[in-house]
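What follows is one structure encoded as C-alpha cells, with my remarks underneath.
The values are calculated or read from the model by the stated rules, or taken from the named source; none is laboratory data. None of these values were measured; they are calculated from a predicted model. Cβ atoms come from the backbone with ideal geometry, glycine included; neighbour counts cover every protein chain shown. For the accessible areas, the whole protein counts, side chains as well, though only heavy atoms, and no ligand, DNA or RNA atoms are used. Shrake-Rupley method; radii C 1.70, N 1.55, O 1.52, S 1.80 Å.
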Number of protein chains: 4
Amino acid sequence: MNKRGLGVGLVGSGFMGKCHALAWLNVAAVFGDVAAPRLVALADATPDLAAQKAREFGFAESTGTWRDLLQRDDIDIISITTPNEFHPEMAIAALEAGKHVWCEKPMATSLAAATSMRDAASVAGKTAALGYNYIQNPLIRQVKALLADKVIGDINHVRFEMDEDYMADPLTPFTGRSAASAGYGALDDFGVHPLSLILTLLGKATRVFGDMRKPYATRPDGKGTRAVDNFDIATALMELEGGAQVTLSCNRSAWGRKGRIFMQIFGNKGTLAYDQERLNEVQLFVNDGPVATQGFRTIISGPAHAPYGRFVPAPGHQLGFNDLKTIECREVLRAVAGEPAHLISFAEGLHIEATVHAIARAAAEGRWLAVG
Amino acid sequence: MNKRGLGVGLVGSGFMGKCHALAWLNVAAVFGDVAAPRLVALADATPDLAAQKAREFGFAESTGTWRDLLQRDDIDIISITTPNEFHPEMAIAALEAGKHVWCEKPMATSLAAATSMRDAASVAGKTAALGYNYIQNPLIRQVKALLADKVIGDINHVRFEMDEDYMADPLTPFTGRSAASAGYGALDDFGVHPLSLILTLLGKATRVFGDMRKPYATRPDGKGTRAVDNFDIATALMELEGGAQVTLSCNRSAWGRKGRIFMQIFGNKGTLAYDQERLNEVQLFVNDGPVATQGFRTIISGPAHAPYGRFVPAPGHQLGFNDLKTIECREVLRAVAGEPAHLISFAEGLHIEATVHAIARAAAEGRWLAVG
Amino acid sequence: MNKRGLGVGLVGSGFMGKCHALAWLNVAAVFGDVAAPRLVALADATPDLAAQKAREFGFAESTGTWRDLLQRDDIDIISITTPNEFHPEMAIAALEAGKHVWCEKPMATSLAAATSMRDAASVAGKTAALGYNYIQNPLIRQVKALLADKVIGDINHVRFEMDEDYMADPLTPFTGRSAASAGYGALDDFGVHPLSLILTLLGKATRVFGDMRKPYATRPDGKGTRAVDNFDIATALMELEGGAQVTLSCNRSAWGRKGRIFMQIFGNKGTLAYDQERLNEVQLFVNDGPVATQGFRTIISGPAHAPYGRFVPAPGHQLGFNDLKTIECREVLRAVAGEPAHLISFAEGLHIEATVHAIARAAAEGRWLAVG
Amino acid sequence: MNKRGLGVGLVGSGFMGKCHALAWLNVAAVFGDVAAPRLVALADATPDLAAQKAREFGFAESTGTWRDLLQRDDIDIISITTPNEFHPEMAIAALEAGKHVWCEKPMATSLAAATSMRDAASVAGKTAALGYNYIQNPLIRQVKALLADKVIGDINHVRFEMDEDYMADPLTPFTGRSAASAGYGALDDFGVHPLSLILTLLGKATRVFGDMRKPYATRPDGKGTRAVDNFDIATALMELEGGAQVTLSCNRSAWGRKGRIFMQIFGNKGTLAYDQERLNEVQLFVNDGPVATQGFRTIISGPAHAPYGRFVPAPGHQLGFNDLKTIECREVLRAVAGEPAHLISFAEGLHIEATVHAIARAAAEGRWLAVG
C-alpha cells in the first residue's frame, strides 16, 4: 500500500455519513498498516450543512454539489451515504469518473437500478463495495471460520430474526418511510442485513416464499390518518444453494427490540447462535465429549478473533457499532489495493436485491418463487 | 367437591404414564382443596410391567388389559398415556363406558380419528381433556391475563420456536419415530405444544402455509441405511382469527436445544417473551414511562402467579415439569366437578389437529390453505 | 430395602412440613426402587390443623402432641419441620426414642443445643440427617463430580451470594424474625444454605471474618417503630481446609432477588458458576482447546445428571424445588438402610453451626477467628 | 471553546496510548461541538517506535524524550499513558510546565507520590484528570442519575466484582506484574476501576477491611520457579460515608472472565445491577406496581442515555470500549474550558489510592482501618 493515503470524498452527512467519516478517521490509527486516508471533501445538498459537517468530521473542503467530488483528481474513492434512491445515480457516475465506490446498503429501490450499478462496477473495474457492516464483526468472521471448518457439520436449518421498534408505536406519524416509494418496508429497510449475513455465511438463495404484514393499516398524518403503503413485518422462507432451509423474520414494529439480529444455524454436529444486541458474544454448541458437560458455550470477543486486537489488546473489553465500520473500511482499502477482501461487492449485493424482490413477489403471489 | 376422591385408572406406564401417576399422587396434597384421588388400577400391555409399575406408582391393582379398567365401577376417570395411535380406540371406549378421560396429546394420527374422539366426547357428556401441560405453567396463565388486560395492546405478530435435539444425531438409528406411521415428524410429534399455547393465548388459526424438511434423508438401520419418511424440521406461517400473523418453527434435530419453546408476542403497546427452558421466567416489555428506563423485565414465578403458591410459598424457588402436570390434574378435577377449567378439550384439540394437517398439506402444495 | 416401607411421622405442617410430605408421597413412585413409605401420623400443635393437614397430605392419623409420634412402634422416622427453636428438644427425644430423624436446617438457635443434637445422634446410632436440600440438585452433584475429577483443577477462590427480598421493604412490620431470639438474621436464616454447599463441595472452614449490617435500624410495629435486633445483611470471608478463600454475601433485603444463590468457584484450570434462580443450569469454563472458541458453557440438566432421569426421561424439561426434597428423601432412605448417602448429617451440620457462630463473633470483634 | 483546537502531546504508545490517540482523533467528529484537537507530538522512549506510532496515530511529530513535549508552546495538554511508576514525575513536570494533564489510572505506586501529584495539580490550577473511563459509560451516568433521583431509594448494600483471567494460568511466566514493584496485584492493577465507580456513584470510603491471596505461590521463570510477590486475588469490605456497606472482590486469575465488573447496588426501594462484559445493558428492579409483573428490567443503551446519541442515533447498536475514552476526552475538554466535567480529578483519585493502601494494610493487619 502506497505511503500517500487514499483521497476520500464523502457524500451525505447523516447517520451513516458520520459513521463513514469516523471509519476514515480511524482506520490508519486502528490498523497501523495503512497510510492515513486524506479526507478531501464532503458533499451535502445543503452547502452550510456540508461546511459544518466537513469541519466536524475533519474533511478539508465541502460542497453542496456531490458531482464536484467526481471532478477532483485528489479524490480516489467516494463514500455514498445518501438516501437509497440516490445510490444508483451517484455510484454509477462515480464509477464512470474512475472512482472507487463504497456505498451504503441497500443498493437501490428497484432491481433494474441495482443491476445498472452492478453493470457499471463491472465495466469500471474499480472497487465497488456495499456498506454491510454487520458481516465485519470479528465474531461473525469467527462463525464463518467455524462453518468452513465444519465444526457444526453440514448445515440444514437456519433462522434469522431482525427486530427493532422504531415503527412500533401506532401513533408514530406517517413519513416517507411508510410510503411505497421507500420500498417494501421491513424487508428492504433492514431485512437486507440478515440477508447479507446469510449470503456471507451460508451462500445464495435459490427459492423463496414470503409473507408481509402491516401491523397498522394507517398512521396519523397531522390532519387525520393516512393509509400505510408498506409492511413493517416481513417473513421469508428460503432454500439455499447447499440445500439448507432458512426462516427469516423481520419486524420494525417490535417493541423493546433495539437492534436485534438473532441468528441460529443448525448443523449435523452442532449449533451456532448470535444476537446483534450482544455483538461481542457468540454461542456455540458442539456434540462432543460427555453429554453431562455439553452445553452452549458463550464465546466473548477478544484478540483471538481478528481484527479485534487492533482495537483493544485485551479480551472482553468490547467493540461497538462504529468499530465494525472501521473494520469494513480496512477491507475496502484491501479491495482497492487488489487484495482479497471480506466485503459485499455490487455483484453480490445484486443477489441480495434479487432475493428481496423475489420474496416480496412470492408474498404477493402466495407461492414459492425462484431467485434470479 | 365430594369427600371421596375420584377413582383413577391409568393406561400406560412410560414417560407420561409416570407423569400422570405423580400428578394423581400429588394433587390433593399440593392443592389441599380436593379429596385425594383413589389410584385404583394401572393397565399396561405387559402384565408384569403393569404390576411392577402399579406397585411403584401406588396403584392398588394392575392389569395387562386396558379394557378391564372400563368395567370397574370404582374407576371414574381414565388417564391415557399410550402411544398416539392407541388414543382414539381407548378414549372412545372409555367415554362410551361412562368414564371421564384425560388423554395425552396429540389426539390421534389421523384427522378422522381425532374427529371421532371429539364426537364421542360430545355424545358422552363427560370430561374429555388433553394433556397439554405447558399451558398450565402459572407464568403462561400470567401471560394470558396480561394479554386479556391488553397490557401489550393488540397483538399483530407472533413467533414460536420449538426445538429439541433427540433426532439431531444423523447416526441415531431409524426407529418408528421416523416412519410415516408416526405422522409428519416434528410438526405433530411436538409442534402441537406451541400450537396449544397459540390456541390458548391467541385463538384459532384460519389460514396456514407450511414447509417441512428432512435434515437427514436416511438413517442407519443396522444393515445399512433406510429412507426417512417424515420431517424433523417444520415451519408454518399462520393467520389467526384476530388477524395476528404467526411464524412457527419446529426442529427436533436442533443440537443443544433440550426443551426450548421460545415464544415472542408483539403487540402495539409491548412485547412478551418466554422460553420453556427457563419455565420460571417470562419477559415483558411495555412502552410506558421514560424511554431511558424502559426495558424487558424478567418476571420470576412466585406466589403472585397462582397456583404457584400451592407448591412453594416463597417466590423464585421454581416449579418443575412434573408440577405442571399436577396443576393440569387439578384442572381436570375442576372439569369433572363441572367448574370452569383451564384445559384443552377434545373439541379444542381437534382444532390443533386440523391445523397440523392443514400445515402439512399446505407444505406439500406450496400454497396457503384454510384451516377446517 | 425391605418390602414394607418405612413408617413416617411428620412434625409441623407449614412450608417445609408440606415439602417433606410431598417428598414422602413421591419418593417411591419417582425412584421405583424403594418400598412406599407409610405416612402414619402428622403432629401439629393445633390439633384441628393437624387433622386437616394429615388429610391433605395423606397421613393416616394426626395429633396435637408431637411426643405421641415417638410412642408408636409403626413409626420409624420423624420428619421435623417446626420452627428452629424446637429442633433440639424434638430431635433429641426422637433419637432417644429410637427413631431416625430428618430435621430441617438449621439445627438450633444455639451452638450448645446443636452440639447436644450431634451428641444424641452419635449415641443413638440412628440416621440423623438435616434438610439441606439445595445440595441435592443433580447439577450440584455434577459440580461435585467435576470438582473431584479436577476438571477445573485446584480451587483457590470461591464466591457465594444468597439473596432474597422478603425483608427488603422497610415498611414490613417487625416480627419475631427481626428479634434476637430468631438468631443473627440473614446469616443463619438462610446463609446456612450456601454454607451447606461450601461444606459439601469444598470442605470445612478453618478461619472466618464477618461483617453484619442492619439496612433498617427500626421497623414499624403498629404503635410506632421498634428497634431491629438482628442483621438482614451478612458478609463472611472464610479460609477452607484446602486453602481456598471464600467470600460469602447474604442479603435478605435484596429487592428483586427471589431465591438467588450465586456460586462461583475458581480453579487453576477453569471456573464453575451456578445460580439457584436457574437451578437447571450450571456454567462451566475450562481452559482447553483453542482460545478462539473457549467460553462458559451452559449445561442444562438432563438424564445425564442422576437422578434427574427418575423424574423426566428427557433433558431440559426441568426439575423444581420440591423435586430436590424428593431426592433428599431418597438419600435419607439410603442412610437408614445403611448405604452411603449424600446428606448433611448432624455431625456435619454442627460444623455449619460452628461456622455461623464464629462468623457472628468475628463480625462483633472485627478480627479473624478460628472455627471450632 | 475556542476555534483552534487544543494542542495535544501524547506520552506512551501502548494499549492506553493508542486508546488516548483514538479519543483525540474522534472527539470532534463524534461530538461536533468542539474544535478538533491538534495532534502535535507523540513521545515514546524508543524514538523509532515513537515515529512509527506518531505516523499511525496521526501525530505530526515524535520524540524519544517526553520532556520535549513540555517545552512546546503549541502543546496545551499532555496525555500520560506510560507504566504507572512514571506517572508522578511526568504529571508533576507537565503541570509545572503549565500543561493540562490527562493521566491514566492508577496515579502512582506509592501514596506519597500520588499525594505529590494531587498537590502539584492544586498548585498549577490546571486540569488534572485521571483515565477512569468506565465511569464514562452512558449507562453508568444513567445509574448515577437514577441514584440521585432515589429511584432505588437509600442505598444500604453494594457489591462489586472485577475479574479477568490474564493471570489465571499457573504456567504464565513470572513477569514484572508479579513483582512487589508492580504494587499489590489485583487490588491496584485493576481493582481501582470498581473503586472509581464506587467513588463516582456512591461516595467515599471511611473504613475498610481487606484480604489478599496468592492463588499461585510461584510462577515459572525460565530456569525454574520464582516466588510471586503480590496478590492476584483481593477482597475488601468497605463502609461508605453515607453508611452503605460494600463488598469488593477482585480476581485477575479468574478463568473465563474477560472484563467482568459486576456491580449490584441495593436500596430500600430497588436494585441496580450492571456487568461491564455487557456494557450496553443495565438491570433495574423497582418495587413498584403489581408484584405479579415486577422484575429486573434490562435497559439497553440508546440515545436516551447521553451522549450515546453522538455515536449512533439509533438505540441498541452498542458502544465499545474505545468509545468510552472518547467520551472521557470530551469531559477533559470540558474541564479545560472551565465547565463542569464528569471526571476523576487528581484530588479524587488520591482518595482511591488512599483506599487501596488502607485495604492492603487492613489485610496485613487483619482488622478494620480508617481511610485517610
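Here D:N287 passes the criteria (1) without any contact (Cβ under 8 Å) to a residue 40 or more places away in the chain; (2) under 28 Å from D:G176 (Cα atoms) except the one numbered (2).
Apart from one condition, A:N268 fits all of (1) closer than 30 Å to A:R367 by Cα; (2) more than 7 Å from every other protein chain (Cβ to nearest Cβ); the exception is (2). With respect to the numbered conditions (1) touching a Pro at 6+ places or on another chain (Cβ under 8 Å); (2) within 12 Å of chain B (Cβ to nearest Cβ); (3) among the charged types (D, E, K, R), which one is the sole condition not fulfilled by C:R297? Only one criterion in (1) touching a Pro at 6+ places or on another chain (Cβ under 8 Å); (2) within 12 Å of chain B (Cβ to nearest Cβ); (3) among the charged types (D, E, K, R) is unmet by C:R297, namely (1).
For the stretch A:23-136, the strands (runs of 3 or more DSSP E) that sit wholly inside it and include 2 or more residues that are over 24 Å from the mean Cα position of the chain (by Cα) are A:38-43, A:61-63. Can you find a residue that is at negative phi, of a type in the set (G, A, S) and within 12 Å of chain D (Cβ to nearest Cβ) anywhere in the stretch C:198-206? The answer is no, given that none of the residues of the stretch C:198-206 is at negative phi, of a type in the set (G, A, S) and within 12 Å of chain D (Cβ to nearest Cβ).
For the stretch B:27-41, the criterion of being closer than 24 Å to B:E353 by Cβ, touching a Cys at 6+ places or on another chain (Cβ under 6 Å) and open to solvent by less than 10 Å² (accessible area, probe 1.4 Å) is met by none of the residues.
Determine whether C:E161 is within 30 Å of C:N251 (Cβ to Cβ) and part of a helix (DSSP H, G or I).
It is false that C:E161 is within 30 Å of C:N251 (Cβ to Cβ) and part of a helix (DSSP H, G or I).
Scan the stretch D:80-95 and give yes if some residue there is under 16 Å from D:K325 (Cβ atoms) and β-branched (V, I, T), otherwise no. Yes, the stretch D:80-95 contains at least one residue that is under 16 Å from D:K325 (Cβ atoms) and β-branched (V, I, T). For the stretch D:305-329, which residues satisfy the criterion of being open to solvent by 20 Å² or more (accessible area, probe 1.4 Å) and touching a residue at least 24 places away in the same chain (Cβ under 8 Å)? If the condition is that a residue be open to solvent by 20 Å² or more (accessible area, probe 1.4 Å) and touching a residue at least 24 places away in the same chain (Cβ under 8 Å), then D:A306, D:R310 are the ones that fit.
Per the listing A:R278, A:R252, A:R260, the residue uniquely facing chain D (nearest Cβ under 10 Å), at negative phi and touching a residue at least 60 places away in the same chain (Cβ under 8 Å) is A:R260.
Inspect the stretch C:216-225 for any residue being within 11 Å of chain D (Cβ to nearest Cβ), among the hydroxyl-bearing types (S, T, Y) and surrounded by 19 or more Cβ atoms within 10 Å (Cβ to Cβ) and give the result as yes or no. Yes; the residues of the stretch C:216-225 include at least one that is within 11 Å of chain D (Cβ to nearest Cβ), among the hydroxyl-bearing types (S, T, Y) and surrounded by 19 or more Cβ atoms within 10 Å (Cβ to Cβ).
Note on the stretch A:1-48: among residues that are touching a residue at least 12 places away in the same chain (Cβ under 8 Å) and of a type in the set (D, E, K, R), the one that is nearest to D:K18 (Cα to Cα) is A:D33.
Residues that are within 19 Å of C:V282 (Cα to Cα), small (G, A, S) and touching a residue at least 60 places away in the same chain (Cβ under 8 Å) within the stretch C:147-197 comprise C:G153, C:S196, listed in sequence order.
Checking the structure you have, find out if any residue of the stretch A:170-184 is over 19 Å from A:K325 (Cβ atoms), open to solvent by less than 10 Å² (accessible area, probe 1.4 Å) and within 14 Å of chain B (Cβ to nearest Cβ). Within the stretch A:170-184, none of the residues are over 19 Å from A:K325 (Cβ atoms), open to solvent by less than 10 Å² (accessible area, probe 1.4 Å) and within 14 Å of chain B (Cβ to nearest Cβ).
Does B:R141 fit the bill of being within 14 Å of chain A (Cβ to nearest Cβ), over 30 Å from A:D288 (Cα atoms) and either of a type in the set (A, V, I, L, M, F, W, C) or outside any loop (DSSP other than H, G, I, E, B) (or both)? Answer is no for this residue. Applying the set (1) more than 16 Å from the chain's Cα centre (by Cα); (2) closer than 25 Å to A:N322 by Cα; (3) surrounded by 18 or more Cβ atoms within 10 Å (Cβ to Cβ) to A:I152 leaves exactly one unmet item: (2).
Suppose the filter is surrounded by 23 or more Cβ atoms within 10 Å (Cβ to Cβ), in contact (Cβ under 8 Å) with a residue 12 or more places away in the chain and not assigned by TED's automatic domain parsing to the domain that holds B:P307; does B:V101 pass it? Spelling it out, B:V101 is indeed surrounded by 23 or more Cβ atoms within 10 Å (Cβ to Cβ), in contact (Cβ under 8 Å) with a residue 12 or more places away in the chain and not assigned by TED's automatic domain parsing to the domain that holds B:P307. Scanning the stretch B:330-359 for residues that are within 14 Å of another protein chain (Cβ to nearest Cβ) and surrounded by fewer than 24 Cβ atoms within 10 Å (Cβ to Cβ) turns up just one, B:R330.
Conditions tested, residue by residue: (1) of a type outside the set (V, I, T); (2) away from chain D (no Cβ under 14 Å).
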residue: A:S301; (1), (2): yes, no
residue: A:G320; (1), (2): yes, no
residue: A:T326; (1), (2): no, no
residue: A:G366; (1), (2): yes, yes
